[in-house]
Every structure is written in structure tokens, then in C-alpha cells.
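Let me begin by presenting the structure, written as C-alpha cells, before commenting on it.
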Amino acid sequence: MEGVLAEALLSQSRDPRALLRALCRGEASAERVETLRFLLQRLEDEEARGGGGGGALPEAAREVAAGYLVPLLRRLRGAPGGQSARGVARAWRRGCRGGAGGRRALFAAPRRWATAGALGGGRRRPGAGRGGDGMRPGPRRTRRRWWPATAAVLVQCGGAACGAGWAGLVAPGTPPGPVRVEAKLLVLSALAEKLLPEPGGDRAHGTREPGPDARRCWRFWRTVQAGLGHADALTRKRARYLLQRAVEVSAELRADCTCGPQEGNGTRLFCFSPDSCFFYEKIVLIVRYMRGTDKGLMKWTKGTIYQYQLFISTGCWLFHPSWHMCIYKRMFESENKILTKEGVIHFLELYETKILPFSPGFSEFIIGPLMDALSESSLYSRSSGQPIGSCSPLGLKLQKFLVAYISLLPEEIKSSFLLKFIRKMTSRHWCAVPILFLSKALANVPRYKALGIDGLLALRDVIHCTMITHQILLRGAAQCYLLQTAMNLLDVEKVSLSDVSTFLMSLRQEESLGRGTSLWTELCDWLHVNESYFKPSPLCSSIGLQKTSLNAYVKNLVQGYVKSSAWETGENCFMPDWFEAKLVSLMVLLAVDVEGMKTQYSGKQRTENVLRIFLDPLLDVLMKFGTNAYLPLLKTDRCLQLLLKLLHTCRLKGSCAQDDEVFTVLQNFVMSTTESISEFILRRLTMNELNSVSDLDRCHLYLMVLTELINLHLKVGWKRGNPIWRVISLLKNASIQHLQEMDSGQEPTLGSQIQRAVSMAALAMVCEAMDQKPELQLDSLRAGPLESFLSSLQLNQTLQKPHAEEQSSYAHPSECSSVLEESSSSQGWGKIVAQYIHDQWVCLSFLLKKYHTLIPTTGSEILEPFLPAVQMPVRTLQSALEALTVLSSDQVLPVFHCMKVLVPKLLTSSESLCIESFDMAWKIISSLSNTQLIFWPNLKAFVQFVFDNKVLSIAAKIKGQAYFKIKEIMYKIIEMSAIKTGVFNTLISYCCQSWIVSTSNVSQGSLSSAKNYSELILEACTFGTVFRRDQRLIQDVQTFIENLGHDCAANTIMENTKREDHYVRICAIKFLCLLDGSNMSHKLFMEDLAIKLLDKDELVSKSKRRYYVNSLQHRVKNRVWQTLLVLFPRLDQNFLNGIIDRIFQAGFINNQASIKYFIEWIIILILHKFPQFLPKFWDCFSYGEENLKTSICTFLAVLSHLDIITQNIPEKKLILKQALIVVLQWCFNHNFSVRLYALVALKKLWTVCKELRVEEFDALTPVIESSLHQVESMHGAGNAKKNWQRIQEHFFFATFHPLKDYCLETIFYILPRLSGLIEDEWITIDKFTRFTDVPLDVGFQWYLSQTQLSKLKPGDWSQQDIGTNLVEADNQAEWTDVQKKIIPWNSRAPELDLELLFQDRAARLGKSISRLIVVASLIDKPTNLGGLCRTCEVFGASVLVVGSLQCISDKQFQYLSVSAEQWLPLVEVKPPQLIDYLQQKKTEGYTIIGVEQTAKSLDLTQYCFPEKSLLLLGNEREGIPANLIQQLDVCVEIPQQGIIRSLNVHVSGALLIWEYTRQQLLSHGDTKP
């Protein structure tokens, strides 16, 4: 940039005097000195290159120094602050650092001023005085300062100079980038007077000074557009200025102006006409105000953005699309995510609503800013009205957009666009949610041959990117969609089957590509259709095949896999990788299933023939295992790996394996080779052939194959004579013999230690097989050689690591150098030892489970046969604790299994040891990460041994330290559940199942132990965390994927783990439903739980009296009353007599609407079943009116269902009379909400009286009829009549039936949904039926509601059911006094009604107090509240009303209030109670005045304040909500003369408070403030 400006100056004149004089004109500044220095440097360079000058440069420099710099420095020396002087001095010092001729002459004269410190330049900076700055005049920040000064000189030099500078700025080939744009806009702004002349005056169309016109240069507009989307605010401001100036010039000249290359659709980059002025003005306004999180500006910006539809016509661009991209880019980069989401959705809707032509820049914009915006997970959240489990609105629009956009792309562009789109998905670490919806959108693109090998590789990279997320279901679903994308978009002629198979291996079969799923079928169909079109693979080309069929490819693949290479003949080598075995097995099974599609009826014989063709090479080798001892080792490894992978992959997902012909045939093939394979494995495991560290992996392989063979034989029927039985027996005996021989005390060698580890692993496999499959065991209690050996085994015995010399002497000479390195490789000797100990505990677990009846509970009990490990349990448990300190977290499972058997036997006699085992095990569990393979199995085993029913019973019986330790661990598990979802599920599910003996009966003994741990059921019934927004998003998306069912293969492969928080409550509730009220043990348990639930409710109410809707306190109380409703049918009258007062007392507490409904419901049910409690119910109406203000509506709602309560009472007259007398008293209450409740109860009661034809009530008839007629015949459409209609249509009075609707669906789903509870609290009945861990009785019928309640929607009614506040603002069109600025307001404020008494300290001090009330409940910021508090106290306001008294403790409030809160009465009124408060003050004679700009607001200078004035101040961002404006008597606004739209709320309030005080002082004749 500096070069462009310098050349522009030098192009005007090479005379140094003229140029330097031009720079010396104008105000002195450091920037001008910088410009002088740089220009002199360029002149020196020109003179050095022989550019002329004739030695005039030094003379010109001395002239400038004497005439400009020295006077400048003298003048600045005495300036205040010295800032300009220091800047000039710094520039001068940089000029002194080097250079010759001109610069030295220029800066030599004033040198003494700086060196003498006359300028106050401060200390000399490091490096000052060093010579040679080079051509560049310092860092970018320094260079940027003199660009405007240089541009100003260009303006002074005239149009030719500006033209030269302009030519340099717009020259092609300038490097792009944010810094370059910033520099260009800085200079263009300085040159704007010449490039974009000031409109008007002598610069009209005919007399305009000739020069460059930036409006006609497309590079100028590209720079402006880049500036509009720049991250720097000052750069955006410069771009706005240039755009606005260009539009004003064009409008003033009144001539059309176009520039830029013409697009294919006919639009140019800039096209001005009188009609387009509005468009460009909108761009300036949007870019200017699109900042921060101001809600008013956000709403205005969104509305303006949606006006863009006027500028985008169907089928064409009215303006160049790059302008729209500028706006959208700014929206995408907005700090406000709501605005970003609106911008993204609006952009995606362009191609959904308008068929727009292709624009090259549009594709780049999609790949760039749009996809960057789409990477934000929060944009994919559900809309407020969407049900749980529905697709994200943004996800749907993204899908429609991508389909529409790609269909409109030119054919030659589609492939490159899709490839760039997919590669962009690999350019960053995407979160699980964005990558899922992007993959889903790609999968829905119609089939098109767009991608080749590069696209396939890009898709594979995307799949690898999905693996970083821990959300397994979302990860699997994304893989499914990416595979569908490959099948839809792949050009099969450009890829080979080898490429496809490698791509398929990037998918995880356990998460997405499982055999038997819909995705597997779709893949087979795709291979069937395209198998003859694939490019020949290298494997087939090498054998001369021109066209590749799938069968030929797979056949050659198996042959090449089984065939051994020359280098594979070594006997001591590492095991091959599993990748190739997985690939071959996958392709074999795909080819078999594809072949089955070719015929309509695929018989077993055909399947067998096809599979034999593929597997013949493998079967031939397997048959030779038992006879050919010279098979290459790697060949045997590969064949066994392939065999295992075939068996694992072949298993169908979602259906029975025995119905699968392929699996049956494969099973028969494998069983035919059983004898050969088992003989080979037996030889390898028992003949000392495994003697290196790498052989331990082979041992693991052999044991896995042997386990699979055992499973196959057990499925077809176990026979003692089959070969596998003989092999197991020989392997068991040989392993025992090896382990016994190696205990002889000889010095260990590597080979012997490896064989020892192999023998123990083999023994552990045999024990596991015998434990899981009783068919393999002989006499259950007869101690054989295996049991005797295991019982005397030294536990936690380690393998001594052999010395290097011993290793070398044992090893083959060719591997001596590698043996030691191998033994200390990544596996490590410590891992080998840990596995050895792990195998010991696997064997011991088998032994303890088999002989658990022989374990003595005291030291004196010894039974035959004598087995030390079994009959010395204390020593065994101590060894288990020692093992936990040695083993890694993934190897402690068998130790936990042993503890499960030992702890119940030792808890009485060795309690401290058992507690130590609890602590040690919990320490391991709490340190584990939340991984699928390690954490959950260990947690399940831990829960099973700590919370074993026997352990719980014994601990509760002795009530020792173990009892309290178990409860401590219980609460720790519940606490962990807040971090790791699903932990509590494991605990409650196991405990409930252990307490249940059958689906119809629970034993008394089992439930007696449950009674001692009723806190567990209590916590489960009220369990549930409040999710963060990101957690809720993950839950919503997972539910959406689950709702897809079998359409998404991930659902079929991965079973639902039921780890959601809902299942904790479901498990507890279903357990409670199984209890029998006639069983004394059950009855006592339920009564104890009911009391604890009421205690929990009272504790929550006392801990936080003011709680928000859907807060944790609200949810806990809601769950408490839901559980009480479930328990109610099993509670008898005697027990209810003890708790009925507490239930009635709960009705007096100010609760949220959903809780009130449950309390009202349970009171109705109690009174219906036990009318004896009616006198206590009538007593509830005898409390004082103040106590009943927030609770009377609860009891009136109960009275509205008196027909249900008296259903079983033969004599109803007395009850009806009492009810009518009570209700009539409340029909005349001053509170409108109370009157509504009383009137609706009166109407329903009177209907019952009419039906019964009670003549005794004739005296009340006139009063009742008159009251009902008056409310029914209210005139107009105001709030009163509307609310009367609404309360009658309310579900609780119109549809709800307390008896017929008593079911789980109403309690847990319908009522929470209708009462406005957040969706997290809705538990559908499907979840109850899907949770089968705790079944219900067959005769259990109360699942579903029997009325129409379930069909109601929340939108069918609207009620603020919070005690006294039922009235809402009337939003009819007849109201014209509305805000000028429509701003959304926060509707989630806490709905509480609270009145606090206060002491007026100021009055007791004799201070004059006015009748002014200032209401600041809508104000949020403590600083504004503190300032208002101080202002109100100073001017003597009677009271300040705030939204929360907790603001007083805020430090910012206290800093600004300076203790004013101690002398000013403060009252707390929550925003939802403001309507009631304002109405109350109206009845007291106050005039309600709002500080707001409305259509009917009065000027403050013209308004006369009444003495009793109430001043209502709005929220800082949203002002006064529309519903409160309707309560105002008058709106007052402050006259404004400036541009800013509003004042700070504290300032506004202070102005009105002072104006009120001034008027009152004048009216009382007092001039003193």
C-alpha cells in the first residue's frame, strides 16, 4: 500500500521542494512526520538509482527542517500533556536512525531539541540509534498511521495525483486478505472526496471536476463488500461510509450507474437507479445495527432481513447476489446466536421459496461462511412448539436447501461443488449434531454420478471425523447417512470394488453397518445393480479379468488372503492386523446376500454352494490344521481371524440367527472343521509352542476361537462324544499340570513364564465356559482336580520377569536382539502380569460361585470337601483388596464377582474388612471415565455386590458402620448421576429387581430390607436434573434418531440402554405399583415413603420460597405429588388421618400451577373415598383472608368437583348447603381471580342442586341466579368476559374427571403437558411399557385415560393459575395505545405473589415523604436499581418497588445506592404480580404512569403529576410489556433532540422523579428541594 501511495505522489512531480512543501501544509502531527520520512526515503532511493534530482534533495530537506520541524517542535514543547510532541519526537528519532543526504539533512537541525530532553520524549527505547530501517517504514501499525496523511497530500496535489493513486489501488494482482482490505478502505476513505465527489453545488453532473469515478470500478465494490463483512468495526464503518457516499452521489447526479462484469442472469455488481436506492440504504442500516445482543435491534434487523424478499424475485436476482452474501455473512458472524439462526434459516429458505439462477460466488459462500455457521450446535435446537423427538427445523431446511440447490446447479459444476462440500466437513472438528444433520442432508440428495475416488476418500475422512464424539447413537446414525451418500452420489465407473470395500471398512459394524439391517439390504441392492459397472480392481487386473463381478472379486480376495507369501514362513513373528480379516469377511457375506437377491426364492442349497465357492480355500486350510504341522504361522493366524470375523459379522441384527440360511450353512462348515481346529489349538496351547510375548496375542485368538466352537456345539446340542469335549478336558488337565510343574522353584525363563501365562489363560477360559454353561460341568459339588488346584492356588501370584541373559539363552539366535525389546514393548511385562492375576480371579470366581454354600459365616464352620480358598473367606477377601490395587480398571470385574459372594458371608463377623472393600471398589468406580466397554460393566458388578439384597438385609439388621457406608455410597451414586447419565438407573433397577420375587408378589423378607432403604425409592421418585441447553439438545437429537426406528440402522444395531433420567422414576413408580396394600410389609413401606415425600415437599418449600417455573425446586415438588397420587389407592383412613392436615397445609402454600392441580386432585380423591374428612376441609375456609389470598383458589377448585366428592354420600343436602354458603362469601371478593374461581364453583354447585331439586335452597335462589346472570351477561369483549369464558373452558373444570382420569398417563404425561410444565417432565406411557426390567401384573389396567383429556392441546386453554392472577392483558385490535417499538418480552419470569411489610425509617426521622411510588420490578441491572434507590431516597419517594429484594446484597447496587436502602422502604413485587399490584393501587386512588414512548404518550413538560402517582419504569432492553401498558392511566415520554432512541432507565426515572418533586413543591408553595 505504501508503494502505491508513494508512486502516486512522485508521479506528479520529481521536484523535492514541491512535494515536501505540499506535505508541510495543514495541521502538524506525527503522521505527517512519518510521511515526510517515508517520502524522503523514496526520493533518496530514486536519486541513488540515478533518477535525477541534481542534488536538490539535501537543500530541500534543510529548508523543511528549518522552516517546519524546528518551529513545530518549539510549539509542541509547551503543549499540555506533550502527547503530540512525543509523537513527533518518536517519528524524528526513527528518521535519525539511518539514511543519507536528505533524511540526515532534514533531521540534523532539530536533533539538539530531542537529545536535550526538551520534548519530554522519555527514555530512549532499546534499539534507538541503530541504522537502516530498510525500505519498509516500520511495522504495519506504524505504516498505517501515515497513509491518511499521504492520501491528504494526494488530494492537495489535484486530480492527476488522485488518479495515479487510484490506479495503483485498483491494479490487478493485489494479494487478497483482511489486512489488505483494511488498508485499502483506510486510503479509499481518505480519497473519497476525489473518488466520490460531494454531491450538490458545483459538482453537479455537468460541472464535475474530471477524475476517476470509483462507482464504475468493480474492484472498488469488491473492496467495499469485503469491508462490510470484515471483523473490524472501524473497517466496516469505512465500508459503510463509502457505500453511503456512492449512493448519495448517484442519487444527486440523477443518472443510472452500472459497473462490474455482467453475470449470466443479467445482474451487475453495482447497478444504481432511483428504485435501487432503498436497497443500498437497507444494507447500510443492517450492517450498522447488527451488533451485540440488543433485543430491540435484533427484532428490527430480522424484520429488515425478511424484507429482502422484495429484492429477490422468483427466477432471477434483482441485485447482484454478492450484496446479499455480505448481509448474510454479517448475520452468520453475529454474537447473538438467535440472530445467526434466523439468518441461516432465511438463507436456506431462498432456494425453497424462489428458484434462483446459478451464481459462482454463491457456491463459494455456501462452502465458506454458511458451513462455518452450520458448525454451531445450538442452531439445531427445537422450536418452542415442537414436540420432543421431532426433527430440528434447521436440519429440515438444510436438507431441502441442499436438494434444491444441487438440482439447480449446472451439470459441470455439481461434482466439484459436492466434493468441496464434503471436504469442508473434514476441515474442522465438528460436533456430533452438526455432522449428523449435514450427513442427513447429503444422504437425501437425489442419485447422481458425481463422486469418484477423491469423493470416496473425502467421505471416509468425514467418517473418521465422526469418531471423535462420545455420542455413540449420533455417531452411528451419521455413518449410516454417509454410506447412503456414497451409494447415491458415487460414479461406480470411476471406482473399483477394492476402493468400495476399503471405504466400507471405515464404518463401524457395531454402530452402523450390521447384517440384517435396512442399510445392509440397501447396500446389497446397490452392489447388485452396479456390480458389472465397477472399474476393474488391481486384484482382478493382475489375473487378466477385464470386467469385475462381485463374486469373482470376492473369490480372488479370499484366495489372496489365505495364500501365504514367502516372507510369512517364520515361526516367531507378530500376529497380523485384524483389518484384512474384517474386510474379507464383510465382502464375503455381502456377496452371499447379493447372490441371494438374484433369485426370488433362494434355497439353502444355493446358499451353501455360493458360500462354499468363496470359503473353499479357507476350509481347505482349516481341515489341515490338525494334520499339517508345517503350516506357516501367519497363515494359521489369518485363517482363524477370518473364521472369527465371519461368525461375528454373520449374526443378524434384529432377528433370530436360526432363521438365517447363511448363518446355518456357515455354522455347518465351521463345525465340520471343529476337530482339526481344536486339535491344532490344543497342540499350540499345551506343547510349549507359545514362548514369546507376541504369542500371548495368539493365545487370546485361540481361546476366542475355542469359545466360539463351544457356543456352536451347545446350540445344536451338546454331546459328550464330540471332539470339543475331549479337547476341553485335555486342555484343562494340561494347564493344571503346567502350572504345577512350574511351581518347582526353578529359575524362570521367558518361555516358561509365557507358557505359565498361557496355561492360566486357558484355565480361565475353561472356568468361564463351565460357569456360563452348566452342561460342561460334571457333579456340581464333587471336588475334582480343577477345584482342588484352584482352591489351593496362591492368589495374586505374579510372574517374575526373566533376566536378559536368560531370555537370550532361551531365544533363537536370530531373535536374541529383539527378545528383550519385545518383552518391554507397548504390551509391557506389567500388563502380562496383570492379565495373569486377572485370570486367577476368573478361576476363583467360578470356584466361589460353585461352592458358595460351603463358605463359613464363622471361623468354626468347616465342611467337606476342604477347599482353602472357599473355606477361608477372610484371607480370600484380603487378597481381593490387594488385587484391586494391582489390576487396571478394565480387569477388576472378576474380583468384584468374587466380592459379591464373599461379602454377605463376612459382613457380620468382619464388618471393617467389608467396609474397606466397599471403599476400595468405589474409589475405582469413581475414577473411571464414562466409556461403554469399561465403566458400565464395572459399575453393574459394583452395584451387584454392594447392594446385594443379602448385604442390605444384614447391614440393616446390625445397623453398624456398613449400613451407613452403604447409604453414603448410595448418595454418591445419585450425585454422580448428575454428571454421568444412567448411573442411578443401574442402581435403582438392580435394587427393585432384587426386591421383587415375582410379578405378582413381593416377599415380606425382601421388602423389609427395602424399608430400611426407602430413601433410595424416595430419591428415585424425585430424581431428575435440569439439563443445560447443550445437554438438552443432545437428548432431543437422540430421541429424534430413536423415533426413526428401523429406518436408521443404528437403532437396530445398538440396543436402547435406557439410561435416560426418566427411567429412574419409571422403575421406582412401577415398583410401587406392584405393592399390595393388604400386605403389612408393603403397607408400612408405602406409609413410610409417603411421610418422607411430604417431608421432602416441606423442605423444598422452606429452602426456597420463591422459585421459577420449571426450576429444579418446581420439578421436585411436582414429582413428590405425582408419587403421592400413585400411592393414594393403597393408603387407608387411619394413616390419612395422620397426614391430612399436612396435605391441606400444602394447599395454603403458593405453588406453581402443575403442583396446585396435583394437590387439588389428591384432596378430591381423599374426600371422595373418605367423606369423614369433610369437616377438616370446611375448616380450611375459616382462616383469615390474608392467609387465604394465594390459596383460596385451590380450595374453590376442589369445591367445583363436589359432585365427585359426594358421589357415594346418600344425603347430600347438608354438604351442598355448606358449600353454597362458603362459595357465596367468596363471590363478592375484591380480587377478580378469586371471584372467577368462586363463580365457576358456584355454577357447578348450582347445577348439582338443580339436578337434585333441593327445595331448601329456595331462599338462596335469587342471590345465586343474580350472580350467575350478571357474570354471564357481561357486555363487551374485555378481560372480564373473556376470562369468565376461559375459566369455564379450562381443562380442570370442563374435561378433567378425577376418577376416570386417574391413571399413569394423566399423572405423568397429560397433566404436566396441559399445565405448561417443560417437556423434560413429560413421561409418555410408551416409556412405561418399554421398560421391562420391572414388569407389572397382567391385571394392571390403569395405564391410559378414559376421557377426552388426552386429546386436548395446551393451546386450547390459557390460564395463569397462580393464586390471584388470572387476568391477562387484552390484545384485541381495539387497543390503539401500544408501543412504537415492538420488542419481545421475557415470559419466563417467576409467577409469585408476595407482599412484604416494611418499616419506614425515614418517617421516624422527620424527613418529608411524598406520595410517589416508583415501580422498578422490570429492571434487571443492579447498577440501575442502586442509582434509582439513591434518587428515590434523595427526593423523598414513599416506596421503591423491586423485582427481588436479593438485589440489595449486590455489591454494584450497594456501591451506587450509598446506603439509601436503609432509609427508603423497599417492597418486592415479582413481574407476574404487577397487574394485581397496579390494580390494587388504582383502588387506593393512585394514577398509574408509565415511562414509555407510545402512540398516545404525553410530553413530560406538559404533564401535571397528581399527588398520588405511581411511576412504572420499563426494562432496560424491552421497555414496558404490552400487557402492562393496558393497565396504565397515562404514558409520559421525555422530549428528545438527539439521534439516540432512548435514555438509560435510571436517568429517565430520575428526570420524572425530579419533575414530580418540582411540581409538588410548587403546588405547596415551597421552593426548597
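The values are calculated or read from the model by the stated rules, or taken from the named source; none is laboratory data. Just so we're clear, the structure is a prediction, and the values are computed from it rather than from any experiment. Please note: Cβ atoms are built from the backbone with ideal geometry, for glycine as well, and neighbour counts cover all protein chains shown. Remember, those area values only see protein heavy atoms, side chains included, never the ligands or the DNA or RNA. Shrake-Rupley method; radii C 1.70, N 1.55, O 1.52, S 1.80 Å.
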List the number of the failed condition for Tyr553; all other conditions in (1) touching a strand residue (DSSP E or B) at 6+ places or on another chain (Cβ under 9 Å); (2) assigned to a helix (DSSP H, G or I); (3) modelled with pLDDT under 85 hold. (3)
Selection status of Lys1482, within 27 Å of Val1234 (Cα to Cα) and open to solvent by 20 Å² or more (accessible area, probe 1.4 Å): yes
Within the stretch 949-974, the residues that are within 17 Å of Asp919 (Cβ to Cβ) and touching a Pro at 6+ places or on another chain (Cβ under 7 Å) are Val951
Sole exception among (1) surrounded by fewer than 21 Cβ atoms within 10 Å (Cβ to Cβ); (2) at pLDDT 90 or above; (3) within 40 Å of the chain's Cα centre (by Cα) for Leu1512, by number: (1)
Filtered residue count, the stretch 1140-1164, keeping only those that are surrounded by 18 or more Cβ atoms within 10 Å (Cβ to Cβ) and in a helix (DSSP H, G or I): 17
For Ser994, are the conditions met, namely being modelled with pLDDT under 80, in a helix (DSSP H, G or I), farther than 24 Å from Tyr1108 by Cβ and open to solvent by less than 40 Å² (accessible area, probe 1.4 Å)? no
Conditions first: (1) open to solvent by 20 Å² or more (accessible area, probe 1.4 Å); (2) modelled with pLDDT of 90 or more; (3) in contact with a helix residue (DSSP H, G or I) (Cβ under 7 Å, 6 or more places away or on another chain). His1297 passes all but one, so which condition is the exception? (3)
Any chance you could count how many residues in the stretch 1063-1079 are open to solvent by 30 Å² or more (accessible area, probe 1.4 Å) and in contact (Cβ under 8 Å) with a residue 60 or more places away in the chain? 1
Could you please give the count of residues in the stretch 694-710 that are farther than 20 Å from Pro632 by Cβ and either open to solvent by less than 10 Å² (accessible area, probe 1.4 Å) or free of Cβ contacts under 8 Å to residues at least 12 places away in the same chain (or both)? 3
Just the residues that are within 22 Å of Tyr553 (Cβ to Cβ) and surrounded by fewer than 19 Cβ atoms within 10 Å (Cβ to Cβ), please, taken from the stretch 620-634. Asp620
Restricting to the stretch 1014-1035, count the residues that are in a helix (DSSP H, G or I) and out of contact with any Phe, Trp or Tyr (no Cβ under 9 Å at 6 or more places or on another chain). 6
Members of the stretch 658-690 found to be open to solvent by 10 Å² or more (accessible area, probe 1.4 Å) and outside any helix (DSSP H, G or I), listed by number: Asp660, Met687, Asn688, Glu689
In the set Ser512, Ser532, the lone residue that is more than 18 Å from Glu595 (Cα to Cα), assigned to a loop (DSSP other than H, G, I, E, B) and modelled with pLDDT of 85 or more is Ser512
With the structure loaded, tell me whether Tyr971 is out of contact with any His (no Cβ under 7 Å at 6 or more places or on another chain), free of Cβ contacts under 8 Å to residues at least 60 places away in the same chain and buried (at least 16 other Cβ atoms within 10 Å of the Cβ) or whether it fails that test. no
Can you tell me how many residues within the stretch 1115-1138 are in a helix (DSSP H, G or I), over 23 Å from Ile1323 (Cβ atoms) and open to solvent by 10 Å² or more (accessible area, probe 1.4 Å)? 5
Output the helices (runs of 4 or more DSSP H) that fall wholly within the stretch 403-495 and possess 3 or more residues being open to solvent by less than 40 Å² (accessible area, probe 1.4 Å) and touching a strand residue (DSSP E or B) at 6+ places or on another chain (Cβ under 9 Å), or say none. 411-424, 453-466, 472-489
Considering the stretch 929-967 alone, what residues qualify as being charged (D, E, K, R) and loosely packed, with under 14 Cβ neighbours inside 10 Å? Lys959
When the stretch 1321-1334 is checked residue by residue, the ones that are in contact (Cβ under 8 Å) with a residue 40 or more places away in the chain and open to solvent by 50 Å² or more (accessible area, probe 1.4 Å) are Arg1330, Asp1333
So which of Lys645, Lys653 ends up being open to solvent by 30 Å² or more (accessible area, probe 1.4 Å), at pLDDT 90 or above and within 30 Å of Glu1055 (Cα to Cα)? Lys645
Let me spell it out: the conditions are (1) touching a Leu at 6+ places or on another chain (Cβ under 7 Å); (2) crowded, with 18+ Cβ neighbours inside 10 Å; (3) in contact (Cβ under 8 Å) with a residue 40 or more places away in the chain, and Pro873 meets all of them except one. Which number is the exception? (3)
List pairs: first residue in the stretch 1045-1056 and touching a residue at least 12 places away in the same chain (Cβ under 8 Å) and assigned to a helix (DSSP H, G or I), second residue of a type in the set (D, E, K, R) and open to solvent by less than 40 Å² (accessible area, probe 1.4 Å) anywhere in the structure, Cβ distance under 7 angstrom, at least six positions apart or on different chains. Ala1050/Glu511; Ile1053/Glu511
Taking the stretch 1241-1257, which residues are assigned to a helix (DSSP H, G or I) and open to solvent by 10 Å² or more (accessible area, probe 1.4 Å)? Lys1243, Lys1244, Trp1246, Thr1247, Val1248, Lys1250, Glu1251, Leu1252, Glu1255, Glu1256
